[in-house]
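The structure appears below as structure tokens.
The values are calculated or read from the model by the stated rules, or taken from the named source; none is laboratory data. Model, not experiment: these values are computed from the prediction. So basically every Cβ, Gly included, is an ideal-geometry build from the backbone, and we count neighbours across all protein chains shown. Note: accessible area is taken over every heavy atom of the protein model, side chains too, but ligands, DNA and RNA are not part of it. Shrake-Rupley method; radii C 1.70, N 1.55, O 1.52, S 1.80 Å.
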Amino acid sequence: MALNIVKETDVLIVGAGPTGLALAVDLARRGVPALVVDRAPGLFPGSRGKGLQPRTLEVLDDLGVIGAVLEAGGPAPVGMRWDGGRRQGEYRMFDEPRATEAAPYGGPWLLPQWRTQEILYARLTELGGAVAFGTEVTGLDQDAAGVTACLADGSAVRAAYAVAADGGRSAVRHALGIGMTGETVDPKPILVADVRVREAALDRDNWHVFPPSPGTGFTALCPLPGTPDFQLTAQFAEGGAPDTSPEGVREAVAARTHLAAEDVTEVRWASDFRPRAALADRFRAGRVFLAGDAAHVHSPAGGQGLNTSVQDAYNLGWKLGLVLRHGAPDALLDTYEQERLPTAARMLDLSTRIHRGQARRGAATRQLGLEYRDSPLSLATRTPLPDGGLRAGDRAPDGRLGTGRVFDAFRGPHFTLLAVGAEAEPPSVNGDLVRTHRTESLDGYGAGLFLVRPDGYVAWAGRGGKDLQSQLTSSKLEVLVSWS
């Protein structure tokens, strides 16, 4: 029986969480039509992934939503230990570096996940995109020319490529037969809920942490900036089954803190989970890609899951754009898995070690040090820069550039070629894809040429323009070279 194809698009994105929305925004600004579908009736309502790391803030800056993110969120409050209904003193839950010229966002920024999604969704609609809510993908077939997704209503969508951003229980991943390798990080279940607390009962100046009582684990109440809500997290004994009903949430608060059940005036959302770490065996199967929780599932400790997921989208978006709009070879898309799978593996290991108390929420959690030096897109140079200089595969730092900033030059879907120093002569490259900037000096870069990818990583760093052009003609980025 012939399928009723109701929609044709360049990219089908399954899942309207932070990953799917960030990818849709990135594609929309590149002029790549994408259809986002989600079986839920609307955006996810909970605060679950509430911490945005500095590298993710840089991504959101480039996607055009940083103003809304900064206005709606706030810095992580100082922790406050309680015992027996008495304050035991404040403590720092995170290392808190200051913002610098090179890294304009210092520490983590708290914003409930539902609000992050609202901001990305608003940006997507501003760019002309949309989400088909209440639309479930029930099957997936692909051939040499594209992907056909069967929907629950009997219709189908045809796309050149598809991206599974449908969460840890990804139906698309299961349909592709891609396995996940992982472990239970902690067998003790955790209740997480968004609650409102009577104003006089608990202040919003601290992240309140309460000691375990017999048969229970930790309990915390974190005020969510820009809202009247707190996020409750409460660990239960192994084998327990947290009660996620409003009554059950109130009982948990009353049993574990000095608050009374009636001090919880509203339970807005609640869920429970068992912390685990799992990594998909592959991130690509033909014309279908896995991103976000569909590709990797983290313990919430250290705030790495949502951040790693958004950066999956950011890595994949520009590559799809080059292939679909500028004739880059399909092999460029292989570098998505080559770069993101090992990165996700490192972040999973970090999350697990933080959960088990084996690592601190320090510099690694901010993700500014992530690099792709071993990527096939990090092109070798015949004339290496001095030790300590920026290398191909490194994150390109911010800084002053003329009357503006480096990140202002990066903002958008293009590559950026920075010529630093009087002797740096850039080659002729495709002006539609690459914007060239010259400057006498730039802190953190050194003298030379720096070709920066649309996702803010250095593709090439060296001194000679001819060397760069030679490298481009023999790489997956040959589309950048001007043949005119």
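In the stretch 1-26, of all residues being more than 12 Å from V163 (Cα to Cα) and touching a strand residue (DSSP E or B) at 6+ places or on another chain (Cβ under 6 Å), the one that is most open to solvent (accessible area, probe 1.4 Å) corresponds to E8. Being more than 18 Å from G15 (Cα to Cα), part of a helix (DSSP H, G or I) and touching a Gly at 6+ places or on another chain (Cβ under 8 Å) is a description that does not apply to L332. Here T219 meets each of (1) without any contact (Cβ under 8 Å) to a residue 60 or more places away in the chain; (2) open to solvent by 20 Å² or more (accessible area, probe 1.4 Å); (3) in contact with a helix residue (DSSP H, G or I) (Cβ under 7 Å, 6 or more places away or on another chain) with one exception, condition (2).
Applying the selection to the stretch 322-341, what residues are among the polar types (S, T, N, Q) and open to solvent by 10 Å² or more (accessible area, probe 1.4 Å)? Across the stretch 322-341, the qualifying residue is only Q338. Using beta carbons and a limit of 7 Å, which pairs, at least six apart or on different chains, have the first residue in the stretch 441-452 and over 18 Å from A103 (Cα atoms) and without any contact (Cβ under 8 Å) to a residue 60 or more places away in the chain and the second one in a loop (DSSP other than H, G, I, E, B) and open to solvent by less than 10 Å² (accessible area, probe 1.4 Å)? Here the result reads A447/A424; L449/A424, each pair linking the stretch 441-452 to a residue that is in a loop (DSSP other than H, G, I, E, B) and open to solvent by less than 10 Å² (accessible area, probe 1.4 Å).
One line per residue, one yes/no per condition, for (1) in contact with a strand residue (DSSP E or B) (Cβ under 8 Å, 6 or more places away or on another chain); (2) open to solvent by less than 20 Å² (accessible area, probe 1.4 Å); (3) under 25 Å from R115 (Cα atoms):
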| residue | (1), (2), (3) |
| --- | --- |
| G239 | no, no, no |
| P242 | yes, yes, no |
| A252 | yes, yes, no |
| R268 | yes, no, yes |
| F273 | yes, no, yes |
| R284 | yes, no, no |
| R287 | yes, no, no |
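Residues that are at negative phi and touching a His at 6+ places or on another chain (Cβ under 8 Å): find the strands (runs of 3 or more DSSP E) completely inside the stretch 382-484 holding 3 or more of those.
Output list reads 415-420.
When the stretch 405-430 is filtered for residues that are open to solvent by 20 Å² or more (accessible area, probe 1.4 Å), touching a residue at least 24 places away in the same chain (Cβ under 8 Å), closer than 20 Å to G317 by Cα and of a type outside the set (A, V, I, L, M, F, W, C), the ones remaining, listed by number, are R411, P413, N430.
The single condition among (1) without any contact (Cβ under 8 Å) to a residue 40 or more places away in the chain; (2) crowded, with 17+ Cβ neighbours inside 10 Å that A144 does not meet is (2).
Of all residue pairs spaced 6 or more apart or on separate chains, those with beta-carbon atoms under 7 Å, a first member in the stretch 173-199 that is under 25 Å from T244 (Cβ atoms) and a second member that is open to solvent by less than 50 Å² (accessible area, probe 1.4 Å) and acidic (D, E) are D194/D229; V195/D229; R196/D229; V197/D263; R198/D263. Return yes or no: is V297 under 22 Å from P189 (Cβ atoms) and either surrounded by fewer than 21 Cβ atoms within 10 Å (Cβ to Cβ) or under 17 Å from the mean Cα position of the chain (by Cα) (or both)? Yes; evaluated as a whole, the condition is true for this residue.
Scanning the stretch 1-44 for residues that are of a type in the set (A, V, I, L, M, F, W, C) and closer than 18 Å to V323 by Cα yields V11, L12, I13, L23, A24, V25, L27, A28, V32, A34, L35. Does any residue in the stretch 10-32 that is under 19 Å from L151 (Cβ atoms) come within less than 7 Å, Cβ to Cβ, of a residue that is at pLDDT below 95 and buried (at least 24 other Cβ atoms within 10 Å of the Cβ) six or more places away or on a different chain, and which pairs are these? Correct list of pairs: empty, since none qualify.
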